[in-house]
Each structure stands twice: as structure tokens, then as C-alpha cells.
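**Student:** Following this message is one structure expressed as C-alpha cells.
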Amino acid sequence: MKIAIINGPNLNLLGTREPAIYGSQTFEMYFEELKAQFPTVTFHYFQSNVEGELISEIQRVGFTFDGIVINPGGYTHTSVSLGDAIASITTPVVEVHISNIFGREEFRKISHVSAKAKGVISGLGLKGYALAVTYFL
Ligand code: CA2
């Protein structure tokens, strides 16, 4: 099984700032745990702060991989194009948010991705990524 993990803007800063909201672990640290937890899965990890690069990556993996776990970061709430990209591929997508986007500011309650995704996991911390992988398995 091939699963792509795609992280959007600022998620490269995980573990360095705002630990009360996003925890104190870097994604690189968590990714090692994830790979150990699912030894049969082939993971591909991509992070970008650039909207177009995220769309290109979705298109690149979106017809051959078995699943995509995406945390679109702030683009969740602004990017029609990211939602369009997810609607146009064949690989199923699970949207993950580390924080509970429904318990924060009003603008975070809007997602251009959710309706195009198979499902959404929000507020369960980094464990959300593992739960999404479990769904695909
Ligand atoms: O909760 C999530 O996973 C979010 O997708 C994270 C985004 C935010 O805009 C979404 O509303 C919810 C922000 C990612 C910023 O990550 C940081 C991590 C550490 C320090 C600063 C930012």
C-alpha cells in the first residue's frame, strides 16, 4: 500500500512554536513513529508552503497511490484550487487537522477541502495521521 502524506504551509514549524495548540513534536519525529507503526506501508512525505506545489503534488500522486492524508494548513480555509485538485483525482483523500478547527476562530470552520475528501479528522493531535492511515488499511 502506497500512502502520501501531504502537509501545507507552516507545518514545517511544528514542535518549535505554539506547543499548546500543535504539540511539541516535529513532524519529522512523528513521521519516524508512523513508519514504525505501519511497517507494511510505503509512505511518501511532502511538505510545502506554496499552494501550487501542493496542487502539483496532489496531481502527481493522485492517480497511482492508494491514499492521501493531507493537512492543508491555512489553505484549508482559503484555497478553492486545492479543493478542485482533490475533486479531480482518483486516489481517496483524508483531511487531517492537528487542532480542532471547529473549536477555534470562525474562519477556521470553513474548509474548501472537506466536501471533496472521504473524511475529516480534526483535533486529535498528530494521532490523526495514524488514524487516517488505519482507515486506508
Ligand atoms: O490544526 C491544524 O492542523 C491546522 O491545519 C494547522 C494550520 C491552521 O491554519 C489550520 O487552521 C489548522 C496552521 C499550521 C501552523 O502550524 C504551526 C505549527 C507550529 C508553529 C506555528 C505554526
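**Student:** Exactly one of (1) open to solvent by less than 30 Å² (accessible area, probe 1.4 Å); (2) in contact with an Asp or Glu (Cβ under 8 Å, 6 or more places away or on another chain); (3) in a strand (DSSP E or B) is unmet by F46. Its number?
**Tutor:** If we test F46 against (1) open to solvent by less than 30 Å² (accessible area, probe 1.4 Å); (2) in contact with an Asp or Glu (Cβ under 8 Å, 6 or more places away or on another chain); (3) in a strand (DSSP E or B), just (1) comes out false.
Matching residues to (1) more than 8 Å from the ligand (Cβ to nearest atom); (2) within 20 Å of H44 (Cα to Cα):
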| site | (1), (2) |
| --- | --- |
| I68 | yes, yes |
| P72 | no, yes |
| T76 | no, no |
| L82 | yes, yes |
| I89 | yes, yes |
| V94 | yes, yes |
| E106 | yes, no |
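**Student:** Are there any pairs with C-beta distances below 6 angstrom linking a residue in segment 96-119 that is within 14 Å of N71 (Cα to Cα) to a residue that is near the ligand (Cβ under 10 Å from one of its atoms) and among the charged types (D, E, K, R), with the two at least 6 apart or on different chains, and if so which?
**Tutor:** As it stands, the answer is I101/R108; V113/E95; S114/E95; A117/E95, since those pairs meet every condition given.
**Student:** Something else about it: Regarding segment 34-43, can at least one residue be identified that is surrounded by 14 or more Cβ atoms within 10 Å (Cβ to Cβ) and among the charged types (D, E, K, R)?
**Tutor:** no
**Student:** Moving on to the next point. Considering each residue of segment 6-24, count those that are of a type in the set (S, T, N, Q), more than 9 Å from the ligand (Cβ to nearest atom) and under 16 Å from the mean Cα position of the chain (by Cα), and give that number.
**Tutor:** 0
**Student:** List the number of the failed condition for K118; all other conditions in (1) under 20 Å from E51 (Cα atoms); (2) in contact with a Pro (Cβ under 9 Å, 6 or more places away or on another chain) hold.
**Tutor:** For K118, the failing item is (1).
**Student:** All but one of (1) aliphatic (A, V, I, L, M); (2) away from the ligand (no atom under 16 Å from the Cβ); (3) open to solvent by 10 Å² or more (accessible area, probe 1.4 Å) hold for V61; state the number of the condition that does not hold.
**Tutor:** (3)
The values are calculated or read from the model by the stated rules, or taken from the named source; none is laboratory data. Worth saying up front: this structure is predicted, and the values here are computed from it rather than measured. For neighbour counting, all protein chains shown are included, and Cβ atoms are generated from backbone atoms with ideal geometry for every residue, glycine included. Accessible surface areas use protein heavy atoms only, side chains included; no ligands, DNA or RNA. Shrake-Rupley method; radii C 1.70, N 1.55, O 1.52, S 1.80 Å.
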